[in-house]
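The values are calculated or read from the model by the stated rules, or taken from the named source; none is laboratory data. Here the structure is a predicted model, which is why all the values come from computation and not from measurement. Because the Cβ atoms are built from the backbone with ideal geometry, glycine has one as well, and the counts that use them run over all protein chains shown.
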Amino acid sequence: MKFFWEVFVTLFVIIDPAGTVPVFLGLTRGRSRRDRNQLAWQATIVAFGVIVAFALFGRTILDYLGVALPALEGAGGLLLLLVALELLTGKAGEPSEAELERANVAFVPLGTPLLAGPGAIVATMLYVQRIHGVGDGFALAGAMAAVALAVWLAMRFALVIHRLLTDNGVELVTRIAGLLLAAIAVQLVANSAIAFAHSALFIGPDRSGSCGRKGRRTSHTGKESADDRTNRTGVVRGDQRLDHRR
């Protein structure tokens, strides 16, 4: 249950359903109520499908590229921090008129990248790496479905929500979401730094020489050094002389 709420809160503050309300109203301005409702569920399906696709095949892409999880955590944390700064400063970019004319707004830019943006994709891929059982898998799927439902409800009742919150309320919710997302991003970067430090201290290679399984020093080529061979030979011969005297 804890994993479910962790995923839900993270994706909720990244996607920010309340902050999507004014954007959705601006993109669907002049359309009928029926068309607006259709665009709402289309955008939700597109966003959910994109996130699920990266959740299923993101690890395969990482393995192909040779990228480790700590690197993804660090990059994801920095990326989420940029998104958080945009939410805190109110400088998030809005789609241009040319983008609105080229494609259906439910797919681009509403479904992606506004809803299923880089932040949500990276966060989902990170949580997939933390699945250690069937329960965690169901928790992740349930959290993703719950966030998708919240996004659909926000766009479905966008006029009502905007009327209740007003512009100031939507601005306040967006700022709070940005603050929470910044804290999550800093934690991801810290976890990445700790993982890299642990790897360098405990399992990093020693180019000056490593210790073999039997305690003998080996060179970088994996062969026993000349001094070690000399000392070992001397010890063996000394033992043989002692046995002979006995």
Output yes when any residue across region 58-73 is more than 22 Å from G169 (Cα to Cα), modelled with pLDDT of 80 or more and among the aromatic types (F, W, Y), and no when none is.
yes
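Has region 78-86 got any residue that is over 21 Å from E171 (Cα atoms) and either crowded, with 17+ Cβ neighbours inside 10 Å or at pLDDT below 90 (or both)? Give the derivation first.
As a first pass, look at region 78-86 and keep what is over 21 Å from E171 (Cα atoms): 78-79.
Keeping just the survivors that are either crowded, with 17+ Cβ neighbours inside 10 Å or at pLDDT below 90 (or both) gives 78-79.
Within region 78-86 (the criterion being over 21 Å from E171 (Cα atoms) and either crowded, with 17+ Cβ neighbours inside 10 Å or at pLDDT below 90 (or both)), the answer is yes, since at least one residue qualifies.
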Filter region 53-67 for residues that are more than 15 Å from I131 (Cβ to Cβ) and surrounded by 11 or more Cβ atoms within 10 Å (Cβ to Cβ) and give the result.
A53, I61, V67
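Do we find that A154 is of a type in the set (G, A, S), within 28 Å of A53 (Cβ to Cβ), touching a residue at least 60 places away in the same chain (Cβ under 8 Å) and in the same structural domain as T20 (by TED's automatic domain parsing) in this structure?
Numbers: of a type in the set (G, A, S): yes; within 28 Å of A53 (Cβ to Cβ): yes; touching a residue at least 60 places away in the same chain (Cβ under 8 Å): yes; in the same structural domain as T20 (by TED's automatic domain parsing): yes.
Against the criterion (of a type in the set (G, A, S), within 28 Å of A53 (Cβ to Cβ), touching a residue at least 60 places away in the same chain (Cβ under 8 Å) and in the same structural domain as T20 (by TED's automatic domain parsing)), A154 qualifies.
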Can you name every residue in region 166-196 that is without any contact (Cβ under 8 Å) to a residue 12 or more places away in the chain and among the polar types (S, T, N, Q)?
T166, N168
